[in-house]
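This report concerns only the one structure given below.
The values are calculated or read from the model by the stated rules, or taken from the named source; none is laboratory data. Just so it is clear, the structure is predicted and the values come from calculations on it, not from any experiment. Every residue, glycine as well, gets a Cβ built from its backbone with ideal geometry; the counts of neighbours run over all protein chains shown. All accessible areas refer to the heavy atoms of the entire protein, side chains included, with ligands and DNA or RNA removed. Shrake-Rupley method; radii C 1.70, N 1.55, O 1.52, S 1.80 Å.
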Amino acid sequence: MKRLILTLIVAFATVCGFAQEIKSADTKFEDYQLVATFDDYLSLLQQAGYNMFVYDISTLKDKATYVEFCVKEYVNGNLVEVGDSRSRSSVFELIRRLSEFSEDEQKVIMASAIADDEENDIFRLATRLKIGFTPVNMDMGQRVQFEVAGKELMGGARRLLMLRDCRVDKSHRKLDYSTRPFIIDGFEKGKFIPLVLYAAPWWDEKYETYRLCGETKIPADMSSDILKHSPHYFVIGVKFE
């Protein structure tokens, strides 16, 4: 009996040892194959035409009531005039007051404690701006999306940017526009604040190639070599009121 028990123990240990070897081999393989994270996908998304810029505007608090998203187009450094400026802009509320609701609605809101700042008569207050780029199924177009949000989305719109064929030789490959963020000193009311540049590369005759090199961030005063050379670009920004 003791010999049988000993034999079973040895057999069990042998099987467990074999199983451990298999598991160890599998674990070793799994250690090499990692689960992809969002950062791993980010560059892939950017190459496919997706890009997102997010801005913290919480320092404005309740000083501004509206934000206007604006798109300015330039060809060879000259601003393209549009007949109706509203066709290139979208206006959103930044703040919604509790006092704008009826008395019954205010009671429900206060009872639910869902207001952003009940004491200062603020139901909703925007704290973030988002500018997103998404590809479209056309060679000469780029979609840009604007959003303003706080605890929830407060407004959003899309615009289609019509691109130009900036090749000096039509036998050259299709040119890709690129984004560059602007340097921001802060947000204030009453003036246009550039946020994102979307520009086409230019032909460098010396090296016989297309370039969009230089600053990784564009000065707010537009003093950039990229802007001096790019044949076509858009400046996307905001104005607070």
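Residue-wise HN-Hα couplings along the stretch 204-211, as the Karplus relation 6.51 cos²θ - 1.76 cosθ + 1.60 with θ = phi - 60° gives them from phi, are 9, 5, 4, 9, 6, 8, 8, 10 Hz; Gly and Pro carry x.
For the stretch 102-107, 3J(HN,Hα) computed residue by residue from phi via the Karplus equation (6.51, -1.76, 1.60; θ = phi - 60°) reads 5, 4, 5, 5, 4, 4 Hz, glycine and proline entered as x. Counted by Cβ distance under 11 Å from residue 153, the other residues give a net charge of +2, where Lys and Arg count +1 and Asp and Glu count -1.
Ligands, DNA and RNA are left out, and with a 1.4 angstrom probe the accessible area of the stretch 131-241 is 53 Å² per residue. For residue 94, nonlocal amide neighbours, meaning residues 5 or more places apart or on other chains whose placed amide H falls under 5 Å from its own, are 66, 67.
Assign one of three labels to the stretch 68-227, namely rounded, prolate or oblate, based on the Cα gyration tensor with a ≥ b ≥ c the square roots of its eigenvalues; rounded applies when a/c is under 1.5, prolate when it is not and a/b is larger than b/c, and oblate otherwise. Could the numbers behind the result be given before it?
Working: a/c = 3.06, a/b = 2.52, b/c = 1.21.
Prolate shape, in that a/c is at least 1.5 and a/b is the bigger ratio.
About its Cα centre, the stretch 153-234 has a charge dipole of approximately 360 debye under the convention of +1 per Lys or Arg Cβ and -1 per Asp or Glu Cβ, with nothing else charged. Taken per residue, the accessible surface of the stretch 36-126 reaches 66 Å², heavy atoms only and a 1.4 Å probe. Residue by residue, the stretch 164-176 carries 3J(HN,Hα) couplings of 10, 7, 9, 6, 7, 9, 5, 7, 6, 5, 4, 8, 9 Hz when phi is fed to the Karplus relation 6.51 cos²θ - 1.76 cosθ + 1.60 (θ = phi - 60°); x denotes Gly or Pro.
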